[in-house]
Structures are given as structure tokens and as C-alpha cells.
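Let me begin by presenting the structure, written as C-alpha cells, before commenting on it.
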Amino acid sequence: MSSVLNLFLYNYQEKKRFLEERLSSGLVNHYSFSQVKVPQKAVAFLEANQEYINEYKYIHSVSETYFRGRIADDWKSIRSLVPSHTKSILDIGSGIGGINLFLFHALDKPLITFVDKAKREQNGIIYDVIAAGEELLSLNKVPSEKIIGLDASSEQLMSDLKKHTYDFVLSTRALAFTFPYSLYKNVLKESVNSRGVLVTDIVKTENQKVLEKDKLLTDRFSSDGMPSSQKVLAEIEDDFSAKAKIVFETKRFIRIAIQKA
Ligand SMILES: C[S@@+](CC[C@H](N)C(=O)[O-])C[C@H]1O[C@@H](n2cnc3c(N)ncnc32)[C@H](O)[C@@H]1O
């Protein structure tokens, strides 16, 4: 597609997003997508992930694909779910965690804790997702004292997570999707504040056809079998003493939001 047409499309999408944000309820994005600076470490990681490249083929740069595609869509689906008083955010299985920089600038400069892998292998190359995420936030005006990047494989992970409490916990395509809810159950029970909100994607176990094709996903879960979506949902509702709301569904997962009693 020609660059003139691309530019036209970007401008159109930016204006549409701007209008939608002002006409609907929820956080307003004060950091425009065109302002975002992406460090080389993050670009290298994104380029190694086919999913980020294939999703929006008409956009060429991988950073644009990620921010104007995945992050913009996620932003749209969560902006009305984030408590406005949020002072502390936890992103579990964040990847480079692009959405957190928008949350930081839309809220009152909350503390941002994110968990992923310091060593993540992709096509034979090891990427430090934590370092890439920290650099992405720093480059985009998040002060270092507001950033806590934690390695999922650290022995102290759970005790480090429990040093803080959280008003908003986000886990897109990660908790209950890429890895089991049970891994973070205790932290969520203990460290999410009352009125705090969790947004997470629960893998759909009832869609056997999709699951059979997605061997990678089934293999990621514990050997005693993948818990059913209904079971995981009931467990989360029990842990939060509240009813979850379904934000949307895809073939592979249900995005839920739940506010702790
Ligand atoms: C499908 S990606 C989603 C990334 C990001 N949330 C997004 O939506 O773009 C799942 C992420 O979970 C991370 N991950 C895998 N096991 C994890 C664990 N036990 N704790 C935290 N993160 C983990 C992976 O490294 C990967 O970055």
C-alpha cells in the first residue's frame, strides 16, 4: 500500500480514536500514539514475534503494528474499567508492556509493576523483556522510581510482588491464557486492594477445535490438565468475592473484568 494512503489511514484512525475517547466514558489518553518512542531492544523483540507483524499487514513498521494495532485495541477495551483513583498497577505477563505508558500518563502517575521473562527465547535468540519494557517506559517519560520490572523466574517473585498493593491488575493474553491462574492466585488474593480491578483473558476450553489446533497453548498448562474456563472464572470470583463482567470474547479467550469487594 502506498505511503500516502498509509498516512491518510493513520490520520483518519487517530481522529476517530480522539473523538471516540471524548464521547465515551473512561480514561482519556494524554500521550498520543505518534509521540511514542520505541527503544531498539523493544523493536528487536517485536520483530521476532510473528504475531505482532502479521496482525495488521497494511502497517509496515513493527512498532506501529504493535501500538496502533494491539495496544490501541487493548486501550479501547480497558479504559473504562480502570479505577480513576489508581495509584499502583500490576501487569502480569506484560511482554514489553506498551499499554502501561498510556496508563501512567492518563492516571495520576501510578507505580507500575510488570512481570515477564528476563530471558525469553524467540527463534533461537534470547531477549530480555524486562529490560526492553523498562527502557520503553523510561523513554516515554515514566520516571525510574515509578517502574518495577520483575522476572517471572526469580525465586523472590512472589515476595517482591507482595511488597506492594494494587488498584489495577492487567493481564492481556497471559494469566489464565498463556499460564495458569493458580501461579498468581495468592498474590491476587492478598495484594489487590478492595475496589481494585483485575482484567484478564481466560482461555476458552469449551472450544475443542481451537484448542486442538493450539497445541502450544494446551502444552503450556499444568500436567494435570487445563482447568475449564468455568472453573477458573468461578475461582477468580471466589477470590475476589465478586461477580465478573465479560468484556468481550474471541475464539480463543474471554476477557473479563472483576472488581474486588
Ligand atoms: C501472549 S504474551 C502477552 C504479552 C502482552 N500481555 C500482550 O498482550 O501483548 C504472554 C506473555 O506472558 C509471559 N509469561 C509466560 N509465563 C509467564 C509467567 N509465569 N509469569 C509472567 N509472565 C509469563 C511471556 O513471556 C509473554 O510475554
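List pairs: first in the range 217-236 and under 19 Å from GLU249 (Cβ atoms), second among the small types (Gly, Ala, Ser) and at pLDDT 70 or above, Cβ under 7 Å, 6+ apart or cross-chain?
Close Cβ pairs satisfying both conditions: VAL232/ALA176; LEU233/ALA244; ILE236/ALA244.
What's the total number of residues in the range 85-108 that are of a type outside the set (S, T, N, Q) and part of a helix (DSSP H, G or I)? If you could, list the steps in order and put the result at the bottom.
If we filter the range 85-108 for residues that are of a type outside the set (S, T, N, Q), which is where we start, we get 85, 87, 89-93, 95-99, 101-108.
Those left that are additionally part of a helix (DSSP H, G or I): 99, 101-106.
Matching residues across the range 85-108 total 7.
Here are some residues: ALA242, ALA261. Which one is of a type outside the set (Lys, Arg), modelled with pLDDT of 95 or more, surrounded by 13 or more Cβ atoms within 10 Å (Cβ to Cβ) and assigned to a loop (DSSP other than H, G, I, E, B)?
Details: ALA261 fails: surrounded by 13 or more Cβ atoms within 10 Å (Cβ to Cβ).
When all the criteria are applied, what remains is ALA242.
Please list, ordered by first then second residue, the pairs with beta carbon atoms under 8 Å, 6 or more apart or interchain, first in the range 62-78 and touching a residue at least 40 places away in the same chain (Cβ under 8 Å), second within 12 Å of the ligand (Cβ to nearest atom).
Cβ pairs passing all conditions: ASP74/ILE99; ASP74/THR172; TRP75/ILE99; SER77/ARG255; ILE78/ILE99; ILE78/LEU170; ILE78/VAL199.
Filter the range 33-77 down to the residues that are modelled with pLDDT of 85 or more, assigned to a loop (DSSP other than H, G, I, E, B) and within 21 Å of THR172 (Cα to Cα) and list them by number.
Within the range 33-77, VAL36, VAL38, ALA48 qualify.
Does the range 86-111 hold any residues that are touching a Lys or Arg at 6+ places or on another chain (Cβ under 6 Å) and surrounded by 21 or more Cβ atoms within 10 Å (Cβ to Cβ), and which are they?
Correct list: PRO110 only.
Condition test on LEU90, is it among the hydrophobic types (A, V, I, L, M, F, W, C) and either more than 11 Å from the ligand (Cβ to nearest atom) or within 22 Å of TYR184 (Cα to Cα) (or both)?
Yes; evaluated as a whole, the condition is true for this residue.
Hey, does the range 125-146 have a residue that's more than 25 Å from LEU46 (Cβ to Cβ), among the acidic types (Asp, Glu) and either in a loop (DSSP other than H, G, I, E, B) or touching a Leu at 6+ places or on another chain (Cβ under 6 Å) (or both)?
Within the range 125-146, none of the residues are more than 25 Å from LEU46 (Cβ to Cβ), among the acidic types (Asp, Glu) and either in a loop (DSSP other than H, G, I, E, B) or touching a Leu at 6+ places or on another chain (Cβ under 6 Å) (or both).
Inside the range 152-185, can you point out the residues that are β-branched (Val, Ile, Thr), within 8 Å of the ligand (Cβ to nearest atom) and surrounded by fewer than 20 Cβ atoms within 10 Å (Cβ to Cβ)?
THR178
Restricting to the range 109-124, name every residue that is part of a loop (DSSP other than H, G, I, E, B) and either on the phi < 0 side of the Ramachandran plot or modelled with pLDDT of 95 or more (or both).
LYS109, PRO110, LYS117, ALA118, LYS119, listed by residue number.
Could we say that PRO83 is crowded, with 16+ Cβ neighbours inside 10 Å, away from the ligand (no atom under 16 Å from the Cβ) and touching a residue at least 40 places away in the same chain (Cβ under 8 Å) here?
It is false that PRO83 is crowded, with 16+ Cβ neighbours inside 10 Å, away from the ligand (no atom under 16 Å from the Cβ) and touching a residue at least 40 places away in the same chain (Cβ under 8 Å).
Report yes if some residue within the range 247-255 is assigned to a strand (DSSP E or B), of a type in the set (Val, Ile, Thr) and surrounded by fewer than 17 Cβ atoms within 10 Å (Cβ to Cβ); otherwise report no.
Yes: one or more hits.
Just name the residue that is nearest to the ligand (Cβ to nearest atom) out of those in the range 186-202 that are open to solvent by 50 Å² or more (accessible area, probe 1.4 Å) and touching a Lys or Arg at 6+ places or on another chain (Cβ under 7 Å).
So, considering only residues that are open to solvent by 50 Å² or more (accessible area, probe 1.4 Å) and touching a Lys or Arg at 6+ places or on another chain (Cβ under 7 Å), the one nearest to the ligand (Cβ to nearest atom) is GLU190.
Counting only residues that are in contact with an Asp or Glu (Cβ under 8 Å, 6 or more places away or on another chain) and over 11 Å from TYR66 (Cα atoms), which one in the range 35-54 is farthest from the ligand (Cβ to nearest atom)?
Only one residue fits best here, namely PRO39.
Quick one: would you say LYS76 is more than 9 Å from the ligand (Cβ to nearest atom), at positive phi and open to solvent by 10 Å² or more (accessible area, probe 1.4 Å)?
Values: more than 9 Å from the ligand (Cβ to nearest atom): yes; at positive phi: no; open to solvent by 10 Å² or more (accessible area, probe 1.4 Å): yes.
Taking the combined requirement at face value, the residue does not satisfy it.
The values are calculated or read from the model by the stated rules, or taken from the named source; none is laboratory data. Worth saying up front: this structure is predicted, and the values here are computed from it rather than measured. Cβ atoms come from the backbone with ideal geometry, glycine included; neighbour counts cover every protein chain shown. Ligands, DNA and RNA are stripped out before the accessible areas are found, and what is left, the full protein with its side chains, is counted by its heavy atoms. Shrake-Rupley method; radii C 1.70, N 1.55, O 1.52, S 1.80 Å.
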